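Undergrad: Got a structure for you, questions after.
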Amino acid sequence: MSAAVLTVSSKNYSSWAMRGWLLCKLAKLDFTERKASLDDPDMRAELLLLSPSFLVPCLEHKGAKVWDTLAIAEYLYELFPKSDLFPDDIIVRAHCRSISGEMHSGFANLRSALPMNLKGHFPKFRIWAGAAPDIKRITDIWQECIKSYGGPYLFGKKLTVADAMYAPVCTRFKTYDVKLDPVSAAYQEAVLAWPAVQEWTKEALEEPEDLDELDVEF
């Protein structure tokens, strides 16, 4: 049995759970998955952005209990410093940490206007005006990184923490039919083709649970 346990919530709706899970996959951590129920009021509150704190995903490993997504990334990097979680170069690594932190703490309007919903697809979705600057900032980040490091991922040919952090955004843009520039569209396609993202998506589509609040076009 694995020494690590990762608690996740809905694979269809939880962008934070997806990030934590992708980070564990990226680190090649041997872990067991524990699923929190949507019937849990705290889980529903998190998914609907009504909770003041987010406690899922939560990684338990050899006495450690780590529930913040960036804290999970840093913990895994300390466990596996030779992994590809962060770039080797200190300047590039700082850049990776910066854009990952920006995703972690920002883009509140995007989260509210385009909640994660892998089962949903809303062609010609009307983007709330407040979310437009968030979308512009994200695509600017993607374009800058691809230009600087050559792609296909944000920091070159290898997936990093940054790609795990932005992967749920790629799914959101697909769900809500967000039109992207060619560079951003190519990056989105590369991330959605990541086998770990495809595995997560497949399992999300098979989930029986639904949140009615997030299954309507609003």
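Undergrad: So if I check each of 81, 52, 87, which one is in a loop (DSSP other than H, G, I, E, B) and at pLDDT 95 or above?
TA: 87
Undergrad: Checking residue 90 against (1) within 28 Å of residue 175 (Cβ to Cβ); (2) of a type in the set (Val, Ile, Thr); (3) free of Cβ contacts under 8 Å to residues at least 12 places away in the same chain, only one condition comes out false. Which one?
TA: The one condition residue 90 does not meet is (1).
Undergrad: Report every pair of residues separated by at least 6 positions or lying on different chains whose Cβ atoms are under 6 Å apart, first residue within the range 126-154 and farther than 17 Å from residue 171 by Cα, second part of a loop (DSSP other than H, G, I, E, B).
TA: These pairs meet every condition: 145/154; 149/155.
Undergrad: Let me ask something additional. For the range 24-49, give me the residue count where each residue is modelled with pLDDT of 55 or more and part of a loop (DSSP other than H, G, I, E, B).
TA: Of the range 24-49, the ones modelled with pLDDT of 55 or more are 24-42.
From what is left, the residues that are part of a loop (DSSP other than H, G, I, E, B) are 27-30, 36-40.
Qualifying residue count for the region: 9.
Undergrad: Could you run through the range 56-78 and say how many residues are surrounded by fewer than 16 Cβ atoms within 10 Å (Cβ to Cβ) and either part of a strand (DSSP E or B) or of a type in the set (A, V, I, L, M, F, W, C) (or both)?
TA: Here the count works out to 3.
Undergrad: Of all residues in the range 118-152, how many are over 17 Å from residue 179 (Cβ atoms) and modelled with pLDDT of 95 or more?
TA: Here is the first cut: in the range 118-152, the ones over 17 Å from residue 179 (Cβ atoms) are 118-120, 130, 141, 144-152.
Adding the requirement that they be modelled with pLDDT of 95 or more leaves 118, 141, 144-152.
Of the residues in that region, 11 qualify.
Undergrad: Could you please find all residues in the range 1-23 being touching a residue at least 40 places away in the same chain (Cβ under 8 Å), touching a strand residue (DSSP E or B) at 6+ places or on another chain (Cβ under 8 Å) and either part of a loop (DSSP other than H, G, I, E, B) or at positive phi (or both)?
TA: 3, 9, 14
Undergrad: Among the residues of the range 12-39, which ones are in contact with an Asp or Glu (Cβ under 6 Å, 6 or more places away or on another chain) and crowded, with 24+ Cβ neighbours inside 10 Å?
TA: First, pick out the residues of the range 12-39 that are in contact with an Asp or Glu (Cβ under 6 Å, 6 or more places away or on another chain): 12, 38.
Once the filter is applied, which keeps residues that are in contact with an Asp or Glu (Cβ under 6 Å, 6 or more places away or on another chain) and crowded, with 24+ Cβ neighbours inside 10 Å, the range 12-39 yields only 12.
Undergrad: Check 199, 206, 217 and return the single one that is modelled with pLDDT under 95, under 27 Å from residue 35 (Cβ atoms) and surrounded by fewer than 18 Cβ atoms within 10 Å (Cβ to Cβ). Outline the logic, then answer.
TA: Working: 199 fails: modelled with pLDDT under 95; 217 fails: under 27 Å from residue 35 (Cβ atoms).
From the options 199, 206, 217, the qualifying one is 206.
The values are calculated or read from the model by the stated rules, or taken from the named source; none is laboratory data. Bear in mind that the values here come from a model prediction, so they are computed numbers and not experimental data. Please note: Cβ atoms are built from the backbone with ideal geometry, for glycine as well, and neighbour counts cover all protein chains shown.
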